[in-house]
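Student: A single structure is presented below for examination.
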Amino acid sequence: MELSGCSQCQGLYVRIKLPKDLTRAIRLAADKCRAGSLRHLGDGACGDSFPLLAKTESWGDFVNSYFSCTGCGALFRLQAETYHGSGGTLARITEIAEDLTIPSGPVAQGGRA
């Protein structure tokens, strides 16, 4: 379900069914972080570090990263299960229901070193 947001995040949604969809979602989130319209908040219990994903575009069995819109504060989750190929989404969420590993690196800081 896609929720509305501000002009910076409205329409930010990617359905992930194929590896190329996951690559597109990672690139989109990384580009928005570098542009300063998204801020990487951290990574969930399972999954690789988003700054590493953004740099290498190579992933393990799980992708599980959280972001916020710098314009309106809306929350987003990039999640995918790649081992069994069940896919995932880059989509807006209403809350973060798990502890996060706090990020480091330029992509995680909205592109600011």
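Student: When you go through Gly85, Gly105, Gly11, Gly110 one by one, which is the residue that is assigned to a loop (DSSP other than H, G, I, E, B), at pLDDT below 90 and touching a strand residue (DSSP E or B) at 6+ places or on another chain (Cβ under 6 Å)?
Tutor: It is Gly110.
Student: Search the stretch 1-52 for residues being without any contact (Cβ under 8 Å) to a residue 60 or more places away in the chain and acidic (Asp, Glu), and hand back the single one that is surrounded by the most Cβ atoms within 10 Å (Cβ to Cβ).
Tutor: Asp48
Student: While we're looking at this one, here's another question. Determine, yes or no, whether Ala80 is under 17 Å from Leu12 (Cβ atoms), more than 9 Å from the chain's Cα centre (by Cα) and of a type outside the set (Val, Ile, Thr).
Tutor: yes
Student: A further question follows. Is it the case that Asp61 is touching a Gly at 6+ places or on another chain (Cβ under 8 Å) and either among the charged types (D, E, K, R) or over 20 Å from Asp31 (Cα atoms) (or both)?
Tutor: No, not satisfied.
Student: Working only within the stretch 57-82, note down all residues that are part of a loop (DSSP other than H, G, I, E, B), surrounded by fewer than 21 Cβ atoms within 10 Å (Cβ to Cβ) and touching a residue at least 24 places away in the same chain (Cβ under 8 Å).
Tutor: Across the stretch 57-82, the qualifying residues are Glu57, Trp59, Thr70, Gly71, Cys72, Thr82.
The values are calculated or read from the model by the stated rules, or taken from the named source; none is laboratory data. Everything numeric here is computed off the predicted structure, so don't read it as measured data. For neighbour counting, all protein chains shown are included, and Cβ atoms are generated from backbone atoms with ideal geometry for every residue, glycine included.
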